[in-house]
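Participant: A single structure is presented below for examination.
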Amino acid sequence: FDSAFKLSLQKQLDRPRVTTVQGRGRLFIRQALCSGCLHVPVEAMVRNKYLKNAYHEKDSIIGNEILGEIFLSLVFQVSQISFNLQVENSAFLDETWQLPEYHVYELCPCLDLGIYLGHVKGWA
């Protein structure tokens, strides 16, 4: 496998705040897009003859030989695009694709900062 793909898998496993299978899948897709290696698992699924039994030709794109190759060519093109997606703030991926706006601030130590932190639906 591609080293960027292995790194994306490892980064996905190193995020303990993402706990569901759906959240980990979303995180992997985001990291694979940023690394330009999303084509690696798709190529394995399209070209692996053993997986052809799992994907029926009339029920899925991957199971259909022609549609699978067309899909793979599109994913190869997507891998050429440079993505800069936020993957550090990944806890929300268990619930949604839409991550809130993320800002990093560096504050100077002082007695009175003048910052108010509120909570909406359990999130800061």
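Participant: If packing is taken as the average count of other Cβ atoms within 10 Å, what order do 21-31, 57-67 fall into, highest mean first? List each step's numbers first, then the result.
Facilitator: Details: 21-31: 18.3, 57-67: 13.7.
The most tightly packed comes first, giving 21-31, 57-67.
Participant: Report T19's accessible area, 1.4 Å probe, all protein chains in place, as a number in Å² to the nearest 10.
Facilitator: 100
Participant: Given the -39500 (n - 2.57) contribution per DSSP H run of 4+ residues, what per-residue ellipticity at 222 nm results for the chain, rounded to the nearest 500 deg cm²/dmol?
Facilitator: -12500 deg cm²/dmol, from helical runs alone.
Participant: Moving to a separate point now. Suppose all protein chains stay in the model; what accessible area per residue would a 1.4 Å probe give for the chain, in Å²?
Facilitator: Value for the chain: 76 Å² per residue.
Participant: What does the charge count near G25 come to, summing +1 for each Lys or Arg and -1 for each Asp or Glu among other residues with Cβ under 14 Å from its Cβ?
Facilitator: After counting each charged neighbour, the total is +3.
Participant: Could you tell me the relative contact order of the chain? Use alpha-carbon pairs under 8 Å, at least six residues apart, and round to a whole percent.
Facilitator: About 28 percent, as a whole number.
Participant: Mind putting together the pair-distance distribution for the stretch 1-123? All Cα pairs, 5 Å bins, whole percent per bin, short to long.
Facilitator: Computed distribution, short to long bins: 2, 10, 15, 15, 16, 14, 10, 6, 4, 3, 2, 2, 1, 0.
The values are calculated or read from the model by the stated rules, or taken from the named source; none is laboratory data. No experiment lies behind these values; they were computed from the predicted model shown. For neighbour counting, all protein chains shown are included, and Cβ atoms are generated from backbone atoms with ideal geometry for every residue, glycine included. Accessible surface is based on the protein model in full, side chains and every heavy atom, while ligands, DNA and RNA are left aside. Shrake-Rupley method; radii C 1.70, N 1.55, O 1.52, S 1.80 Å.
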